[in-house]
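Nothing in this text is a laboratory measurement; each read-out follows from the coordinates by a stated rule. Just so we're clear, the structure is a prediction, and the values are computed from it rather than from any experiment. Cβ placement follows ideal geometry from the backbone for every residue including glycine, while neighbour counts extend to all protein chains displayed.
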Amino acid sequence: MPAPTSPASARPADRDGSDSRNARAVPNPARQASIRNANLALLYGLILDAPAPLSRAALAAATGVTRATASALADALLEAGLVAEVSPPPATGAGRPAAGLVPAADGPAGLGLEINVDYLAACVVDLTGTVRATVISPGDQRGRAVPEVLADLADLARQAEAEAGLTVAGAAVAVPGLVEAPHGRIRSAPNLVWRDVEIGAELRRALPEAPFEPVVGNEADFAALAEAHGVGSDPDAGEGDRDGAGNGANPPPALTDFLYVSGEIGVGAGVILDRELFRGARGWAGEIGHVTVEPDGAQCRCGARGCLETVAGLEALRRDRPEAAASALGRAAAAAVNLFDLPAVVLGGVYARPEFAALVPGVEKALAEHVVSARWAPVAVHVSRRGTAAAVTGAATAVIRRVHADPAAWMAAR
């Protein structure tokens, strides 16, 4: 993790709670609250990113706020349960060493939920990014009534919360379909046979005790988010690094820009740019499973013909030889790489299972043939190690990242 940012590059909203850029201007209460909130987020971000616990004095030095301001903000974060104090290291010189501040492992947590074609899942992730509970219930969800599915999902949510024993700050739901932002309306989930479903309101009815409105998003997007932030690694989930230089024994390196391709019954993708998810204007980016790879191919559940998922989805992988699937997958990924200038492709979902390891060389070959810059900058192919729970873990991570970005909002909502 990076060291605390220097005062020159991490400027607080102001140095002592007033508007130091204009001494004669008297901020109104809204402005004062805005300044405090910005400084809370600044200090909290430093605590989250620091490789070692930070004292109040170190926070003041890193941001330029006064020690009194840093101490007051730190106390507010402590009271809200967002940070915890740890004992100082043994003294090595004169003076008493100061206690350090770290993210609170027992603070508010993120609840991730997932509806997939052949399972339901719930997951709780704490403020440190540690997975505290995961519950997965296998079962075919195709064609089931929405209220029935959500009632089962609510039961899993309660199980995961009870196992984690933490206060849940919010929930996010991952689904295999076209989700319209910002409302979370599922416009189409062909593999579930769902269309125009408002599952947020339905889930509130199934989980009436929850004090939050759940966020709904695409499962591949959430899985990509977990990959980008290194949450939920499963050492037994896949082969690890496959960039043409390794033997598959090591986990993928930290990536900041990549295409994450998730194989299940359907095929989805998430585009990560500078560790942030690219959603598109309406939240529909990443529908790689419905890129046409065989114009005269089989009819897809979406109504079109020759979509990638008809060739490289799980049912096709079980039915046909992997060579055609690997080539189609690589060609579709190459189109995204050419469009966004991405240096890496991460294969997740069922593509990360050992039984489908033979896909990787074919994907690498197709990328080398179809990425226009591959001659000078070969595209690395990595196999995810997030396991089956990648999407549900990413959904929980999305909740935690909102708390990280705006601690004042969590404090106000308590």
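Quick one: length gained pulling Thr130 to Glu163 fully straight, 0.36 nm per residue minus the C-alpha distance?
Numbers: separation 33, 0.36 × 33 = 11.88 nm, distance 1.38 nm.
Full-extension gain reported as 10.5 nm.
How large, in Å, is region 235-385 by the Kirkwood hydrodynamic radius built from its alpha-carbon pairs? Display every interim value, and only then the final one.
Working: mean 1/r = 0.0656 Å⁻¹.
Result for region 235-385 stands at 15.2 Å.
When the dipole is taken about the Cα centre of region 254-301, and only Lys, Arg (+1) and Asp, Glu (-1) are charged at their Cβ, what size is it in debye, to the nearest 20?
Working: 4 positive and 7 negative charges, 40 e Å.
Here the size comes out at about 200 debye.
Rounded, prolate or oblate: which fits region 302-414 when a ≥ b ≥ c are the square roots of the eigenvalues of the alpha-carbon gyration tensor, with rounded for a/c under 1.5 and prolate only if a/b beats b/c?
prolate
So, in Å, what gap is there between the alpha-carbon centers of region 142-200 and region 311-376?
With region 142-200 and region 311-376 each reduced to a Cα centre, they are spaced 29 Å.
Once both labels are modelled 7 Å past Cα along the beta-carbon direction, what's the Ala99-Val193 spacing in nm?
5.8 nm
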